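Written out below as structure tokens is the structure these notes cover.
The values are calculated or read from the model by the stated rules, or taken from the named source; none is laboratory data. On a predicted model such as this, the values are computed, not experimentally measured, just so you know. Here the Cβ positions follow ideal geometry from the backbone for every residue, glycine too, while neighbour counts run over all protein chains shown. Quick note on the areas: whole protein, heavy atoms, side chains included, nothing else; ligands and nucleic acids left out. Shrake-Rupley method; radii C 1.70, N 1.55, O 1.52, S 1.80 Å.
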Amino acid sequence: MNAETSTPRGYDPIASLALAVVASIALALAWLLPWWTMEARAPQYGQRTLVVEVSPVKVGGDIFEVDTLGHYVGIRPMGELASFERILAPFGLVAAVLGVLAAPFLRRRWLRALAILPAVVMPIFFVFDLRYWMDRATNERDPDASMNLTVTAIDTKILGDYEIAQFKVTAKLGGGIFVGGIAGLLAVGMLFATPLPLRRRRPANAGAAAAIAGVFFLVPGSAEAAELQVGPEDLLHDALVWAQPGDVIRVRGVHHERVVVPRSVRIYGEPGAVLDGGKEGTVMRILAPDVVVQDLTIRNSGANYNQEDAGVRIEAAPGVVLRRVRIEDTLFGLFALQADRCVLEDSTVIGLDLPVERRGDGVRLWASAGCRLLRNHVERSRDVIIWYSADTVVEANVVRNSRYGLHYMYSDRNRFHHNVFEDNQVGAAIMYSRDLELTENAFSFSSGPSAVGLLLKDADDVFIRRNRFVGNATGLFLDNAPQARDGRLEIQGNWIARNDVGLALQPNVRRARLWENAFVGNRGQVEVQGTGSAEGNEWAVEGRGNYWSDAIVYDPDGDGVSSLPARQESTYEIMAERHPVLGFYADTPAAEAIDLAARWFPIFQPRPRLVDPHPLVKAPTDAWSVTTAHPAERGGLLGLGALLLATGASTYWSSRRAIG
């Protein structure tokens, strides 16, 4: 009889099958554990240790902090490394488990070797692939990174200690690779085990193997989605542990727990459903793509700023949707890290009742492209932050009683439409970005020593149309925009009214185009910071300039455009530039008296800040600016309407006197 295919008498089928079962269990457990761990310590983090855990399917731990530090030295985000391998990893596990379970029934030894090959090779391939990506990440850095030149060489290790600048790093293998290695060794033992017979009449062993495969490896999509009910007496955590991708979890009642969402499930809250974190940690952490959370109140996170406690934290999980969610009394509201295509819609975020400098951000999008923030209400937060997040749509949101209604940097091709930013220290600050559209937004009542409705700095290809800037210390502030030679900045059809300063510009602002805007009732219509003028910009386009409530207009042909240029000039400001001691009288009746006397008795003609060659006779209006003001603005706009009537009458009589 052939020694390779014979089955000796007295063999133990249970022992042979147990070898396959234990190897399968080891593979399943290895999948749940980290395969490699990196720990980093630095003086600026005190006692805190940054930990990154890597497995074949994900990168976890303090990814946000490590990616932030890596960005400054030009290292790509860790989530972008080995993405193709992570896609293939689940298929590799399927092959490994099925091969191990099939090996005991294969008669030929070379077939058994082929079957167990994935289980044996997987840990070895992981180590070599990890080494490859570590070398590539540190050797192919962004040459334009701000600190690339300060860290010239990075010598990484898979095992052991090394240093990067001030960081002391310890790298070691995780428990997952050891368990996976045990599974591989058990699989090798099957090469020398006695093959199990295949019985045609009683395929009990084959059925057992299939059952084991079903228990230890459930292929996503192999069964219909289940619906799990979580009542007040149940734990949402337990449902999330048992749920499979695609399942629906319906939550009723108040649940005092903090949960992690590890799979792509849908969580629907019934009326009154609450997830309460008990003022500790992050209430809900989402680690899987395409999760949906709907109609749920999430409240009472911790207040630890070092741990960035949040109501909802999304980590490296694209396609997450939060709909009609109320997040209240949390340090950070929604904290989305590498959460491409995330959606927050029809939701409310209210932060902790703390001084503004101690609050977290109501919404923070970090390295999350293609997200949508729609019809949300954010209040009592620090900022709404969008950084390194391109192709974002922000529409119909209300942000109030915060530091920055919008804090926006390093993000391109974003759209802001019909939002209300009011009663903040700064309505919006947009910097270091290009290809932006801001239409029909309201920037109102920003107050404080440095308060601005909208700050635009170092940006190109920005289009600001039909917005309202009402009741701010400074309505619109421009600094080095556009910055590129071929960059564009177009400001058209906006209402800039009742601000202390309507429009403030740095002297480096050139080539901006402003037309069909209404400058109404501002204490200072246009102000140039420091010396210089705003004449390097275009104040009329195709024969249409802007409306100035303090301008004298004359329209003999009735085309709505004055034949008299509008000059924005201030004798007092010119004198204060030459004699700084006169700055003491800024915004006082004395300064206004100097300007009034200069207009009545023009002994000398000061150089104007700007000249609008074709000012408009009437303020341009549309349906949005007249009828859709947010309730908090309506009182201000009613007063503005009365001011416009008075200004129109004054302008009419002034023009009659000028003609006469």
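Checking each residue in the stretch 460-500 for being open to solvent by less than 20 Å² (accessible area, probe 1.4 Å) and among the β-branched types (Val, Ile, Thr) picks out VAL462, ILE464, VAL470, ILE491, ILE496.
In the stretch 460-482, of all residues being of a type in the set (Gly, Ala, Ser) and in contact with a Phe, Trp or Tyr (Cβ under 7 Å, 6 or more places away or on another chain), the one that is nearest to ARG510 (Cα to Cα) corresponds to GLY475. Regarding VAL97, is this residue over 38 Å from the mean Cα position of the chain (by Cα), at pLDDT 80 or above and among the hydrophobic types (A, V, I, L, M, F, W, C)? Yes. Being outside the structural domain of PRO77 (by TED's automatic domain parsing), over 11 Å from the mean Cα position of the chain (by Cα) and over 13 Å from ASP423 (Cα atoms) is not true of ALA369. Is it true that some residue in the stretch 334-355 is aliphatic (A, V, I, L, M), assigned to a strand (DSSP E or B), surrounded by fewer than 24 Cβ atoms within 10 Å (Cβ to Cβ) and touching a Phe, Trp or Tyr at 6+ places or on another chain (Cβ under 8 Å)? Yes, some residue in the stretch 334-355 is aliphatic (A, V, I, L, M), assigned to a strand (DSSP E or B), surrounded by fewer than 24 Cβ atoms within 10 Å (Cβ to Cβ) and touching a Phe, Trp or Tyr at 6+ places or on another chain (Cβ under 8 Å). With respect to the conditions (1) in contact (Cβ under 8 Å) with a residue 24 or more places away in the chain; (2) open to solvent by 10 Å² or more (accessible area, probe 1.4 Å); (3) closer than 21 Å to ASP460 by Cβ, ASP391 lacks only one, and its number is (1).
All of (1) of a type in the set (Val, Ile, Thr); (2) open to solvent by 10 Å² or more (accessible area, probe 1.4 Å); (3) out of contact with any Ser or Thr (no Cβ under 6 Å at 6 or more places or on another chain) hold for VAL509 with one exception: (2). Within the stretch 266-282, does at least one residue satisfy the condition of being in contact with a His (Cβ under 7 Å, 6 or more places away or on another chain), open to solvent by 10 Å² or more (accessible area, probe 1.4 Å) and either on the phi > 0 side of the Ramachandran plot or of a type in the set (S, T, N, Q) (or both)? Taking every residue of the stretch 266-282 in turn, at least one turns out to be in contact with a His (Cβ under 7 Å, 6 or more places away or on another chain), open to solvent by 10 Å² or more (accessible area, probe 1.4 Å) and either on the phi > 0 side of the Ramachandran plot or of a type in the set (S, T, N, Q) (or both). Looking only at the stretch 378-433, residues that are of a type in the set (Lys, Arg) and in a loop (DSSP other than H, G, I, E, B) come to 4 in all. Within the stretch 173-192, residues that are within 14 Å of GLY99 (Cα to Cα) and outside any helix (DSSP H, G or I) have Cβ atoms under 8 Å from residues that are among the basic types (Lys, Arg) and open to solvent by less than 30 Å² (accessible area, probe 1.4 Å) in no pair, counting only partners at least 6 apart in sequence or on another chain.
Note on the stretch 254-277: residues that are acidic (Asp, Glu) and assigned to a strand (DSSP E or B) total 1.
Checking the stated criteria, GLU280 turns out not to satisfy the condition of being modelled with pLDDT of 95 or more, under 26 Å from ASP329 (Cβ atoms) and in contact with a Lys or Arg (Cβ under 6 Å, 6 or more places away or on another chain). Looking at ASP361, is it over 29 Å from VAL57 (Cα atoms) and open to solvent by less than 10 Å² (accessible area, probe 1.4 Å)? Spelling it out, ASP361 is indeed over 29 Å from VAL57 (Cα atoms) and open to solvent by less than 10 Å² (accessible area, probe 1.4 Å).
For the stretch 223-230, the count of residues that are under 30 Å from GLY269 (Cα atoms), part of a loop (DSSP other than H, G, I, E, B), at pLDDT below 65 and more than 34 Å from the chain's Cα centre (by Cα) is nonzero. Looking across the stretch 294-309, just one residue is under 18 Å from the mean Cα position of the chain (by Cα) and either under 17 Å from ALA339 (Cα atoms) or among the small types (Gly, Ala, Ser) (or both), and that is GLU308. For the criterion of being in contact with a helix residue (DSSP H, G or I) (Cβ under 7 Å, 6 or more places away or on another chain) and open to solvent by 20 Å² or more (accessible area, probe 1.4 Å), ARG382 passes.
Inspection of the stretch 578-589 finds a residue satisfying the criterion of being at positive phi, among the charged types (D, E, K, R) and modelled with pLDDT under 75. Residues of the stretch 521-530 include at least one that is part of a loop (DSSP other than H, G, I, E, B), crowded, with 18+ Cβ neighbours inside 10 Å and modelled with pLDDT under 95. Scanning the stretch 53-67 finds one or more residues that are acidic (Asp, Glu), open to solvent by 60 Å² or more (accessible area, probe 1.4 Å) and touching a residue at least 24 places away in the same chain (Cβ under 8 Å).
With respect to the conditions (1) open to solvent by 40 Å² or more (accessible area, probe 1.4 Å); (2) touching a strand residue (DSSP E or B) at 6+ places or on another chain (Cβ under 6 Å), VAL291 lacks only one, and its number is (1). Going through the stretch 405-420 one residue at a time, which ones are open to solvent by 10 Å² or more (accessible area, probe 1.4 Å) and under 18 Å from ASN499 (Cα atoms)? VAL420 - this is the single residue of the stretch 405-420 that is open to solvent by 10 Å² or more (accessible area, probe 1.4 Å) and under 18 Å from ASN499 (Cα atoms).
Note on the stretch 421-443: among residues that are buried (at least 20 other Cβ atoms within 10 Å of the Cβ) and of a type in the set (Phe, Trp, Tyr), the one that is nearest to ARG400 (Cα to Cα) is PHE421.
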